[in-house]
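Structure first, commentary second.
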Amino acid sequence: MDIENFRDYCLSKPETEECLPFDENTLAFKVCGKIFALTDLASAEFSVNLKSDPEKAIELRAEYDEVQAGYHMNKKHWNTVNFEGRISNKLLTEMIDDSYLLVVQSLKKADRERILTAMKMLKN
């Protein structure tokens, strides 16, 4: 998956916004103001920080060399994923989905329910 496909996929999710909150090179994707994906636009290698369930994060790191503990993030809850490696686009999109849903689940009830309803409508 290249950066344009990644960007389009993230922005297809309900209430997602992109921004450069830290500097001109760190692109973040947020839902209701909370980050679910980060990438460094200046890096030679296309990698993305994604939130992950702690147990699943450990499994992914053990199975794929392309998945490491989150760079500059809480290592328990975040992975840095090399998008240029052998991981399939299907698994990459699943990891993006998981990150997005973990953040949505942490939102206030009204926000969470509104977004989950929007997601259901998109699937139909």
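Only the coordinates and a few stated rules stand behind these numbers; no lab work does. All of these numbers come straight from a predicted model, not from anything done at the bench. Glycine also receives a Cβ, built like all others from the backbone with ideal geometry; neighbour counts cover every protein chain displayed.
Among the residues making up the stretch 20-31, a single one is among the polar types (S, T, N, Q) and surrounded by 16 or more Cβ atoms within 10 Å (Cβ to Cβ): T26. Could you identify the single residue in V48, V31, V67 that is in contact with a Pro (Cβ under 9 Å, 6 or more places away or on another chain) and either more than 16 Å from T93 (Cβ to Cβ) or not hydroxyl-bearing (S, T, Y) (or both)? Just one listed residue meets the conditions, V31. Please enumerate the residues belonging to the stretch 8-25 that are more than 21 Å from A110 (Cα to Cα), in contact with a strand residue (DSSP E or B) (Cβ under 6 Å, 6 or more places away or on another chain) and not in a loop (DSSP other than H, G, I, E, B). Listed by number, the residues that qualify are C10, E18, C19.
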